[in-house]
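Colleague: Sharing a structure, written as structure tokens. Questions coming.
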Amino acid sequence: MVDEDLPPEPQIADSVLDLIGNTPLVRLRQIGRDLPCTVAMKMETVNPGGSSKDRPALAMIEAAEREGLLGPGGTIVEPTSGNTGVGLAIVAAQRGYRCIFVMTDKVAPEKVALLRAYGAEVVVCPVAVPPHDPTSYYSTAERLTRETPGAFRPNQYANLHNAEAHEHTTGPEIWRQSAGRITHFVAGMGTCGTITGAGRFLKSKNPAVKVIGADPEGSVFSGGSGRPYLVEGIGEDFFPANYDADLYDEVIAVSDEESFLTARRVAREEGILIGGSGGTAVAAALRVARTARPDDLIVVLNPDSGRGYLSRVFDDAWMANYGFTRECDLCVAAVLESRGSMPQLLYVNPTDPVRRAIELMRENGVSQLPVCKNEPPFAAAEVAGAVDELDLMDAAFRDSSVLATPVGSVMGPKLPTIGIGQPLSRVVEMLDAAPALLVLSGGRPHSVLTRSDVLAFLSGHGNG
């Protein structure tokens, strides 16, 4: 008996590469219920590698094969925050290539484990160094490419096939799925391949479509220096080849805190598990939607799943320790507020002379200072260590010439960290083993908290 509803042939994709693209749009019904317009999400998590990066990964490798840049048995070398690496690893598995990926220590550990699960080799480099530093992930990738026979570096930041992949696939899909009614396209900015490629196609169909970038606060695209931020996969400290300033109608800066809390909200209210960069994009889309017209249709691209961020964005302890959430009313923030007008963060640079650290301690009546690289605002990863007045006194007594030496040569280990919203009970417990704590707020160093601060607060609180 023949079932007339069956197709004439089995519906089987020839390879996993044939499953890349044609990702759906879904309305954000819950978080968009009080908005005047429709907000829909482009679900790039449906790609086989779980992210939008599958598209350019395939396009860049196919182009390299056509151009003779990558041959049989070759090695793909690429610096990546994880998603491009997964896309490249999937293509490599199908084509028989070896993969070496370079990542920063800012990347969640599950992303490193994921790439290794695909058989890739992973090299982890420090994040708090400039691009030209030999230990940076850019420099390390360049060195590995030079040293590895038959190596090809796709270089997603400079490779124009990155944006072309989205111009040929993502943009047309959104246009078709929205029935040509899209009015705003919102996407994160990293390599700028997604926003440039898809945005370029959408504007070619309707120049009135607004292309809006969502950028981590501190990134160069929204006017920052390129630091500091914790969101992974988007934001930069330079302008990549796929960046096209004339194409973007607006770039919205979003803080780590808003990004992460938005990602958690989307997971809990919509049942869609998105990552921190997806939270950045949704946060920007919500800002646009609040002033939109009823007939506007805003499409926000979600680049990947929150499954790669379970140990960070979706870990309550991690969020609390970085000062993104508040666990109770009687918390670190209350102690800091009781101190009055004291500067939020006193610090020295590793290159400052020891004499400068001593003067700063004396002027402000403090006994510990964090040692931070660069200039404020700082990322937690830019804290290199700490100095203590007792240690400096001992060193200066034994050798007065130490006063002119760089702080970095005499500094001790970093102060333990605590989030600004963590409970006072946790503070007391930690200060039992350390003379001071470094308070983090919104993921950034905020101030130093000492035993005397807590005693002063408890004294005043008890009298109140």
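Colleague: Under 8 Å between Cβ atoms, at least 6 apart or on separate chains: pull out the pairs that start in segment 102-115 with a residue that is within 15 Å of Gly306 (Cα to Cα) and end on any residue that is surrounded by fewer than 21 Cβ atoms within 10 Å (Cβ to Cβ) and of a type in the set (D, E, K, R).
Modeller: Close Cβ pairs (under 8 Å, with a partner that is surrounded by fewer than 21 Cβ atoms within 10 Å (Cβ to Cβ) and of a type in the set (D, E, K, R)) amount to Glu110/Arg307.
Colleague: Specify the residue that is nearest to Val410 (Cα to Cα); the eligible residues are those in segment 375-388 that are of a type outside the set (A, V, I, L, M, F, W, C), modelled with pLDDT under 95 and surrounded by 16 or more Cβ atoms within 10 Å (Cβ to Cβ).
Modeller: Looking at residues that are of a type outside the set (A, V, I, L, M, F, W, C), modelled with pLDDT under 95 and surrounded by 16 or more Cβ atoms within 10 Å (Cβ to Cβ), I get Asp388.
Colleague: Shifting gears a bit: Which condition number does Glu67 fail, the rest of (1) surrounded by fewer than 16 Cβ atoms within 10 Å (Cβ to Cβ); (2) within 22 Å of Ile234 (Cβ to Cβ) being met?
Modeller: (2)
Colleague: Collect the residues in segment 28-43 that are in contact with a Gly (Cβ under 8 Å, 6 or more places away or on another chain) and not hydroxyl-bearing (Ser, Thr, Tyr), keeping them in residue-number order. Can you show your working first?
Modeller: Taking segment 28-43 first, the residues in contact with a Gly (Cβ under 8 Å, 6 or more places away or on another chain) are 38-39.
Selection gives Val39 alone.
Colleague: Which ones in segment 343-358 are within 29 Å of the chain's Cα centre (by Cα) and part of a loop (DSSP other than H, G, I, E, B)? Explain how you work it out, then say what you get.
Modeller: So the first thing to find is which residues in segment 343-358 are within 29 Å of the chain's Cα centre (by Cα), and the list is 343-351.
Of everything in segment 343-358, those that are within 29 Å of the chain's Cα centre (by Cα) and part of a loop (DSSP other than H, G, I, E, B) turn out to be Pro343, Gln344, Leu345, Leu346, Tyr347, Asn349, Pro350, Thr351.
Colleague: Just checking, does segment 22-31 include any residue being surrounded by fewer than 24 Cβ atoms within 10 Å (Cβ to Cβ), outside the structural domain of Ile100 (by TED's automatic domain parsing) and closer than 22 Å to Met103 by Cα?
Modeller: Checked against the condition, which is being surrounded by fewer than 24 Cβ atoms within 10 Å (Cβ to Cβ), outside the structural domain of Ile100 (by TED's automatic domain parsing) and closer than 22 Å to Met103 by Cα, segment 22-31 yields no hits at all.
Colleague: Taking Val299 as meeting all but one of (1) closer than 11 Å to Pro216 by Cβ; (2) touching a residue at least 40 places away in the same chain (Cβ under 8 Å); (3) in a strand (DSSP E or B), write down the number of the exception.
Modeller: Result: Val299 fails condition (1) only.
Colleague: Which condition number in (1) part of a loop (DSSP other than H, G, I, E, B); (2) over 24 Å from the mean Cα position of the chain (by Cα); (3) on the phi < 0 side of the Ramachandran plot is the one that Gly340 fails?
Modeller: (3)
Colleague: Among the residues that make up segment 252-260, is at least one of them exposed (fewer than 15 other Cβ atoms within 10 Å of the Cβ) and not in a strand (DSSP E or B)?
Modeller: To start, the set of residues in segment 252-260 that are exposed (fewer than 15 other Cβ atoms within 10 Å of the Cβ) comprises none.
No: zero hits.
Colleague: For segment 356-379, give me each residue that is in contact with a strand residue (DSSP E or B) (Cβ under 6 Å, 6 or more places away or on another chain) and within 14 Å of Pro445 (Cβ to Cβ).
Modeller: Those that are in contact with a strand residue (DSSP E or B) (Cβ under 6 Å, 6 or more places away or on another chain) and within 14 Å of Pro445 (Cβ to Cβ): Gln368, Leu369, Pro370, Val371, Cys372, Lys373, Pro377, Phe378.
Colleague: Among (1) surrounded by 21 or more Cβ atoms within 10 Å (Cβ to Cβ); (2) out of contact with any helix residue (DSSP H, G or I) (no Cβ under 7 Å at 6 or more places or on another chain); (3) over 30 Å from Arg287 (Cα atoms), there is one condition Met41 misses while meeting the rest; what is its number?
Modeller: Condition (3) is where Met41 drops out.
Colleague: Give the residue that is farthest from Val112 (Cα to Cα), with candidates limited to residues of segment 261-282 that are outside any helix (DSSP H, G or I) and touching a helix residue (DSSP H, G or I) at 6+ places or on another chain (Cβ under 9 Å). Lay out the reasoning, then the answer.
Modeller: In the first step, residues of segment 261-282 are kept if they are outside any helix (DSSP H, G or I); the result is 271-275.
Right, trim to touching a helix residue (DSSP H, G or I) at 6+ places or on another chain (Cβ under 9 Å) and you get 272-275.
Working: Ile272: 23, Leu273: 19, Ile274: 18, Gly275: 16 Å.
My answer is Ile272.
Colleague: Scan segment 406-414 and tell me whether some residue there is within 24 Å of Asp329 (Cα to Cα) and free of Cβ contacts under 8 Å to residues at least 40 places away in the same chain.
Modeller: First pass over segment 406-414, keeping only residues within 24 Å of Asp329 (Cα to Cα): none.
No, there is no match, as no residue in segment 406-414 is within 24 Å of Asp329 (Cα to Cα) and free of Cβ contacts under 8 Å to residues at least 40 places away in the same chain.
Colleague: Out of curiosity, is Val313 of a type in the set (Val, Ile, Thr), within 14 Å of Ile234 (Cα to Cα), in contact with a helix residue (DSSP H, G or I) (Cβ under 7 Å, 6 or more places away or on another chain) and in contact (Cβ under 8 Å) with a residue 40 or more places away in the chain? Explain how you work it out, then say what you get.
Modeller: Values: of a type in the set (Val, Ile, Thr): yes; within 14 Å of Ile234 (Cα to Cα): no; in contact with a helix residue (DSSP H, G or I) (Cβ under 7 Å, 6 or more places away or on another chain): yes; in contact (Cβ under 8 Å) with a residue 40 or more places away in the chain: yes.
Spelling it out, it is not the case that Val313 is of a type in the set (Val, Ile, Thr), within 14 Å of Ile234 (Cα to Cα), in contact with a helix residue (DSSP H, G or I) (Cβ under 7 Å, 6 or more places away or on another chain) and in contact (Cβ under 8 Å) with a residue 40 or more places away in the chain.
Colleague: Would you mind stating whether Ala89 is touching a Lys or Arg at 6+ places or on another chain (Cβ under 9 Å), buried (at least 16 other Cβ atoms within 10 Å of the Cβ) and among the hydrophobic types (A, V, I, L, M, F, W, C)? Before the answer, list the steps.
Modeller: Details: touching a Lys or Arg at 6+ places or on another chain (Cβ under 9 Å): no; buried (at least 16 other Cβ atoms within 10 Å of the Cβ): yes; among the hydrophobic types (A, V, I, L, M, F, W, C): yes.
No, not satisfied.
Colleague: Return only the number of the condition from (1) in the same structural domain as Glu236 (by TED's automatic domain parsing); (2) surrounded by 22 or more Cβ atoms within 10 Å (Cβ to Cβ); (3) under 27 Å from Gly74 (Cβ atoms) that Tyr137 does not satisfy.
Modeller: (1)
The values are calculated or read from the model by the stated rules, or taken from the named source; none is laboratory data. The structure displayed is predicted, hence computed values, not measured ones. Note that we place each Cβ from the backbone using ideal geometry, even for glycine, and neighbour counts take in every protein chain shown.
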